[in-house]
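For reference, the structure is listed below as structure tokens.
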Amino acid sequence: MLDRLDINLPPKPYCTNCFSDGLIIRRKKDAIDYKYIQINSPFQLNYLILDLDYDAALSEILYSKIGIPLPNIVIENTENGRAHILFELAVPVHTGNTSRLKPISFAKDILKKLKLIYSADFNYVGLIAKNPHSSEWRTTQLRKTPYLLNELNDLVDKMDIEYPDVKFKYNNGIVNDHKENIGRNCYIFEIARNWAYSEIRKYRNTADSLWRDTVLNYCDELNNKLSNPLSRSEIRCIAKSISLFCLKNDQKYYAAFIARQKNRGELGGKKSRRSANQSSERSLKPWETEGISRATYYRRKHIAE
């Protein structure tokens, strides 16, 4: 499982040894030495991650919460037993700009149910977790087989728990409801990235620093509207990821757009250059012979038919 986790890690994950120092980006081979690391890519969900912010979490799982779906990996603090737990997905959920929203919503639905079952921290957004390779933590593997989403959903639905409404509403790819329940990080990322994809058009001939500051300010505005805002370092990480992606890809997507428009124009031109039919009403213009307007001619023809 840990070998699969190493393969699934982002190529340049966020990592840190101390959150007060902020998050940094390192190549995977270097990030693996840090105490905390980004498990999921921003564009692919391989793990559902929960933060069990209570002591002796592993003992609670094994002896008190009997019958619950077991996580694949438990990464616990050796001093107090508080842990991050990972549910590995057999089929990753893609979360990019062109990804289908239904599986994303389904995965978030399951994640919320798991948080209720495990009494996990609802404010935890899953960006950074304890690194299972770090000697700072004790890592335990409880289940070898990854979960299918449907399988995991069936297991959590069998639990005797009354779930509140967990529907997620989207409007053109933008989350517009339950922003606290889907995770503050995910909420800000989803809103800001969809805004940025079109907003960057206004900054194509400006300094990159102006664009980066604009994205950061927008993320700050979203964060300030939350009842429990994210830290400044987390907002900077989200804004940096979005602004760099847009700077890197905008010209490519803009060129593809121009090529599509040119192709459509050429196709339209080919269709419009067809030769005239000399026997058609458009060529013969019978309304001129009758001394009436073209509109009157066709109106009378329509009534007669």
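Quick note: the coordinates plus some simple rules give every number you see, no bench work behind them. What you are looking at is a predicted structure, and each value in this text was computed from that prediction instead of being measured. Here the Cβ is made from the backbone with ideal geometry for all residues, glycine too, and neighbour counts use every protein chain on show.
What list of ³J(HN,Hα) values in whole Hz, one per residue of segment 26-42 in order, does the Karplus curve 6.51 cos²θ - 1.76 cosθ + 1.60 (θ = phi - 60°) give from phi, with Gly and Pro shown as x?
9, 4, 3, 5, 8, 5, 5, 8, 8, 6, 10, 8, 7, 7, 9, 6, x
Hey, can you grab everything whose amide H is under 5 Å from the amide H of LEU45? Only 5+ residues off in sequence or another chain; H modelled, so Pro and N-termini drop out.
Residues meeting the criterion, in which the H sits 1.01 Å from N, are VAL93, HIS94, THR95.
HN-Hα J couplings of segment 101-116 from phi, Karplus 6.51/-1.76/1.60, θ = phi - 60°, integer Hz, Gly and Pro as x?
Using θ = phi - 60°, the values come out as 7, 4, x, 5, 4, 4, 5, 5, 4, 5, 4, 5, 4, 4, 5, 5 Hz.
From the phi angles alone, apply the Karplus equation (6.51, -1.76, 1.60; θ = phi - 60°) to segment 241-256 and give each ³J(HN,Hα) in whole Hz, x where the residue is Gly or Pro.
4, 5, 5, 5, 4, 5, 4, 6, 10, 4, 5, 5, 5, 5, 5, 5
Using Cα-Cα distances under 8 Å and only pairs 6 or more residues apart, what relative contact order does the chain have, in percent?
14
Residue farthest toward the positive end of the dipole of the chain, with Cβ of Lys/Arg at +1 and Asp/Glu at -1: which of CYS237, GLY22, ASN249?
In the chain, that residue is ASN249.
With the cut-off at 1.5 for a/c, could you classify segment 1-167 from its C-alpha gyration tensor as rounded, prolate or oblate? Kindly include the intermediate steps, with their values, before the conclusion.
On the way: a/c = 1.71, a/b = 1.17, b/c = 1.46.
Because a/c hits 1.5 or more and a/b fails to exceed b/c, segment 1-167 counts as oblate.
List the GluC sites (Glu not before Pro) in segment 1-109 that DSSP assigns to loop (not H, G, I, E or B) and whose Cβ has at most 12 other Cβ atoms within 10 Å. Which are they?
Passing sites in segment 1-109 are GLU79.
Please give the charge dipole size of the chain, origin at the Cα centre, charges +1 on K and R Cβ atoms and -1 on D and E Cβ atoms. Round to the nearest 20 debye.
Numbers: 48 positive and 36 negative charges, 462 e Å.
The calculated dipole for the chain is roughly 2220 debye.
Taking the dipole about the Cα centre of the chain, with the C-beta of Lys and Arg at +1 and of Asp and Glu at -1, give me whichever of SER209, GLN261, LEU9 is farthest to the positive side.
With unit charges placed on the Cβ atoms, the residue in question is GLN261.
Using modelled backbone amide H atoms (1.01 Å from N, in-plane), which distant-in-sequence or interchain residues come within less than 5 Å of GLY81's amide H?
HN-HN under 5 Å from GLY81: ALA56.
Compute the angle between helix 294-304 and the longest alpha-carbon principal axis of the chain, please, reported from 0 to 90 degrees and rounded to the nearest 10.
Tilt of helix 294-304: around 80 degrees.
Students often get this wrong, so try it: which of (i) 15.1; (ii) 25.7; (iii) 17.8 is mean projected area of the Cα convex hull in nm² as calculated from the structure shown?
The calculated read-out lines up with (ii).
Suppose R0 equals 30 Å; then what is the FRET efficiency for GLU221 and CYS18 from their Cβ-Cβ distance, rounded to the nearest 0.05?
On the way: r = 28 Å, r/R0 = 0.94.
Efficiency, rounded to the nearest 0.05: 0.60.
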